[in-house]
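K.L.:
Would you mind keeping the following structure in view while I ask a few things?
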Amino acid sequence: MDMDVSQYKDLFINEAQEHLEALNQAMVDLEKDPGNPDVLTEIFRSAHTLKGMSATMGFDQLTELSHEMENVLDGLRSGDIEVGTDIVDLLFSCFDMLGSIVSGIAHESGKTVDTKPLIEALRAVYGGSSVSEPIKTKARKAKPPEPASREEQAEPPEEAGEGEDESGAEKTLRLKITLDQDCVLKSVRVFMIFKKLSQIGKVINSRPSIDDLEDENFERSFEVFFSTSESLNAVRKALMTIAEVQGVEVLAYEEGEEEVESQTVETGAQAFEKAETEQPVGDAAAGAAPVRTQSVRVNISRLDNLMNLIGELVINRTRLQEISTSHNIPELKEALAQTVRLTADLQDEVMKTRMVPVEHIFNRFPRMVRDLAKNRAKEVDFSIEGKDIELDRTILDEISDPLMHLLRNAVDHGIDSPEDRETRGKPRRGSIRLVARRDRNYVSIEVCDDGQGVDAEKIFDLAASKGIIGREERRALGGEDVLRLLSTPGFSSAKEVSGVSGRGVGLDVVKNKVESLGGMLFMQSIKGEGTTFAMKLPLTLAIIQALLVNVEEEIYAIPLGVVVETAVISPHEIKSVSDQEVIFLRDETLPLVRLPRLLGETRENGHEAFPVVVVEVAMRNVAIAVDDLMGQQEIVITSLDRFLKVIRGFGGATILGTGEVALILDIPSLLA
Amino acid sequence: MAPTVLIVDDALFMRMMIRDILSKDGFEVVGEAENGVEAVERFKEVKPDLVTMDIVMPEMDGIEAVKQIMKFDPNARILMCSAMGQQPLVVEALEAGAKDFIIKPFQPSKVIEAVEKALKD
């Protein structure tokens, strides 16, 4: 009965990846604290579990590599091998290799990797034997109990038997015991057989010798001279309770005049049928055993579907609400109030099921920071806080790259070199903290370093010299403008920046990503003391509050997260500053962007008052002119497929209660 | 009445697999535990006819769990699940009172054989 393991593949990949993450994490810890036995044990355990799982799935490369790794880890544990940088690096390379094999399996890429160099390197470390017999050295330790006594061994077995009775009287048996063809740990089986025999009698001798049996120097069967007062059947039955014992044959039987029949007991269906009736029933098995299942693994696409369905439900609910309002049916209104509450609860629950602790992505960062710091000759202590904080799975996946970017920046450009730090009177080792915290309906994730900070003045000068800002503007700039400049596309690509502050490599990408998720990016920096980047992210993406606006008979949705306020503006309030239309709203000058024009309309500006929506983008406010404000509504985001995704300015689409489709404006990219 | 089994393994993947193998063959899986401490607790709670016990686990390993379970119930039937390279530990577990062992990678037939034999013992 062979087993179809393919159904376990997803689960295997998931869990294998978790173990690899744990391995990487623990190895970073071990490097910091090489003597820590707990960490070593944890690494060993993960490697061991991975090996067992891989073997079960039949992934030989994984099994072999993790087996070799285990040998080295065993040496580390026992102290035979010392934890050194070369070993740590070697093990890290192994983890990487394992990781790429696992992802190869996940993507069914079919690409092959060569694990030989690593395996040889591992063997060189522990001076290991060939892979084909990796267990031999250890198997020796599995000592079967000694036969009754060594002196008796030389004596012929005949001496022992002289009883008359089937059971009760002492007799000597010559047993031939056969193991299953694919029995794995033969020496341990031998141990069990001898243990069992010594419980019901006395082992006198064996053929081959006990030493050869220990060393597994036998094929499938061996002979035992055994003296017992038990009946033949009892002996056979006792031995057959041991797994992988295929048969017990009585070759000779010394007990008076009885004939010895050669009998073989086969394991198999009949034996089990018999067992069925004999099976003891545990005292607590009387139905009282509680079956508890605490958690269920669900494919993420199921949750996505569920969320979509709830989305549809919300749309329908809105439609019903519209009907009840336009027809003014009090009963319907009442019933709907209940539905509104229920759908809100339902939505809440489903949202919770989609929440995943941030550690899912955080766990891979320590290794990354470690490698990077080593590569850049920086000394960095990396710490993580708030890894239990939960975020929607989709958002979490999306922010992984931006976070990596921020961390890379922190190591690359934030943290100063150990020498520089010492001259500045700071500890040699820099610190980078990755902190997640929940803030009502937002989660904020911060990357803080205690490095050299950003020199705002230099940034301003550079921006001015590159013509990104005018000289006038230059004077009015404050600390909060640094990020805006740094994340201006193209600003940071200049080489000279890395010499000055180095910040901003790809920051525009990070910022756009965070904002497209409905979040915000902040930066705080003190020259010489360090920099903190903070992402403020919504808990979920799927359903948001939006402001619906009308432009040229089309409805658009603006996520409420970016909306500061709305106002009505008369044409005479519009001023022009260096070719840019602006309006004054409570002492603040706001650039005015006409949405119709932005969307490609070419009509003349009217003379009537029109509404504007003030939005916050990149920490400055912009007024967006629209034709009409339609109100606030909960909308369900349907993302655009990959062909439409390339169009800038739209974050998705939604279906309104009336059945109409409205595009959701992605304000940051629209104005970029 | 189907014999009841408690599955102990730190890998969810392995637990799922053993569960599937056993339930297909008519055993009733009455509990799962992912470390030794949990295993001992669950054993006392559900008093299964049989326990499948992984050896290398966090918190408390399978050997210690066998010792504690045997102390609680000397008639407990425990089947060790081990990967290759763990012979000394397997022997230690057997000496502590485990009935038998199976080696990963599991073949369903072997698992069933070992389970049925252990129950018969």
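K.L.:
Using just the helices of chain B, give the 222 nm mean residue ellipticity in deg cm²/dmol: DSSP H runs with n ≥ 4 each add -39,500 (n - 2.57), and the total is spread over all residues, rounded to 500. Don't jump to the answer; show the numbers that get you there.
P.N.:
On the way: 5 runs with 58 residues, N = 121.
For chain B, the value works out to -14500 deg cm²/dmol.
K.L.:
Using mean Cβ contacts within 10 Å as the protection proxy, how do A:38-46, A:659-667 order, highest first?
P.N.:
A:38-46, A:659-667
K.L.:
Once you list every other residue whose beta carbon is under 9 Å from the beta carbon of A:Ser516, what net charge do they have if Lys and Arg are +1 and Asp and Glu are -1?
P.N.:
Values: positive: A:Lys513; negative: A:Glu398, A:Glu515, A:Asp666.
Once positives and negatives cancel, what remains is -2.
K.L.:
Then there is this: Please report the buried accessible area for the interface of A with B, total over both chains, probe 1.4 Å, in Å² to the nearest 100.
P.N.:
Chains A and B together bury roughly 5200 Å² of accessible area.
K.L.:
Further, regarding this structure: What percent of all Cα-Cα pairs in region A:543-671 falls into each 10 Å bin, going from 0 up to the bin containing the maximum distance?
P.N.:
Taking every Cα pair in region A:543-671, the percentages come to 12, 45, 33, 10, 0.
K.L.:
If I model a spin label as a point 7 Å beyond the Cα along the Cα-Cβ vector, how far apart are those points for A:Arg319 and A:Asp89 in nm?
P.N.:
According to this spin-label approximation, the distance is 6.4 nm.
K.L.:
Report the label-to-label distance for A:Phe643 and A:Glu608 in nanometres (one decimal), using points 7 Å from each Cα along the Cα→Cβ vector.
P.N.:
Those two pseudo-labels are separated by 3.8 nm.
K.L.:
With Cβ to Cβ distances under 12 Å as the rule, what net charge do the other residues near A:Ala16 carry (K, R +1; D, E -1)?
P.N.:
Around A:Ala16, the surrounding residues sum to -2.
K.L.:
Right, something else. Please give the length that would be gained between A:Lys111 and A:Asp401 if that part of the chain were fully extended, namely 0.36 nm times their separation in residues minus their C-alpha to C-alpha distance (nm, one decimal).
P.N.:
101.9 nm
K.L.:
Continuing with this model, one more query. Determine, at each q value in 0.13, 0.18 (inverse angstroms), the log₁₀ of I(q)/I(0) that the Debye formula gives when each Cα of chain B is one equal point scatterer.
P.N.:
-0.40, -0.82
K.L.:
Could you give the length gained by full extension between A:Asn233 and A:Val296, i.e. 0.36 nm per residue of separation minus their alpha carbon distance, to one decimal place?
P.N.:
Values: separation 63, 0.36 × 63 = 22.68 nm, distance 4.70 nm.
This chain segment gains 18.0 nm when fully extended.
K.L.:
Can you give the three extents of the C-alpha atoms in region A:180-230 along their principal axes, from longest to shortest, in whole Å?
P.N.:
Here the spans come out as 32, 16, 14 Å, largest first.
K.L.:
Using a 10 Å cut-off around each Cβ of peptide A:236-245, what is the average number of partner chain Cβ atoms that fall inside?
P.N.:
For peptide A:236-245, the averaged partner shielding equals 5.
K.L.:
Expressed in nm², what is the orientationally averaged projection area of the convex hull enclosing the Cα positions of region B:22-80?
P.N.:
So the mean shadow area of the Cα hull is 3.7 nm².
K.L.:
Also: Given points 7 Å out from each Cα along the Cα-Cβ axis, report the A:Glu219 to A:Ala337 separation in nanometres with one decimal.
P.N.:
Roughly 8.7 nm, to one decimal.
K.L.:
Over all residues in B:13-19, what is the mean tally of Cβ atoms on other chains that come within 10 Å of each residue's Cβ?
P.N.:
6
K.L.:
Once you've got the Cα coordinates, tell me which of A:Lys196/B:Lys104; A:Lys195/B:Lys71; A:Lys536/A:Lys575; B:Lys24/B:Lys120; A:Lys51/A:Lys202; A:Lys237/B:Lys71 are over 29 Å apart.
P.N.:
The answer is A:Lys536/A:Lys575; A:Lys51/A:Lys202.
K.L.:
Quick check: at a probe of 1.4 Å, how many percent of the accessible area of region B:24-121 sits on carbon and sulfur atoms?
P.N.:
Exposed carbon and sulfur together represent 45 percent of the surface.
K.L.:
A further question on this structure: Treating only the Cβ atoms of Lys and Arg (+1) and Asp and Glu (-1) as charged, compute the dipole magnitude of chain B about its Cα centre; round to the nearest 20 debye.
P.N.:
300 debye
K.L.:
Considering all projection directions equally, how large on average is the shadow of the alpha-carbon convex hull of region A:302-356, in square nanometres?
P.N.:
3.6 nm²
K.L.:
With charges only on Cβ, +1 for K and R and -1 for D and E, what is the dipole size of region A:5-143 about its Cα centre, in debye, rounded to 20? Walk me through the intermediate numbers first.
P.N.:
On the way: 13 positive and 23 negative charges, 146 e Å.
Roughly 700 debye, rounded to the nearest 20.
K.L.:
Taking every residue in B:69-79, how many Cβ atoms of other protein chains lie within 10 Å of its Cβ, on average?
P.N.:
So the per-residue partner count for this stretch is 1.
The values are calculated or read from the model by the stated rules, or taken from the named source; none is laboratory data. This is a predicted model, so every value here is computed, not measured. Every residue, glycine among them, receives a Cβ derived from its backbone with ideal geometry; neighbour counts consider all protein chains shown. All accessible areas refer to the heavy atoms of the entire protein, side chains included, with ligands and DNA or RNA removed. Shrake-Rupley method; radii C 1.70, N 1.55, O 1.52, S 1.80 Å.
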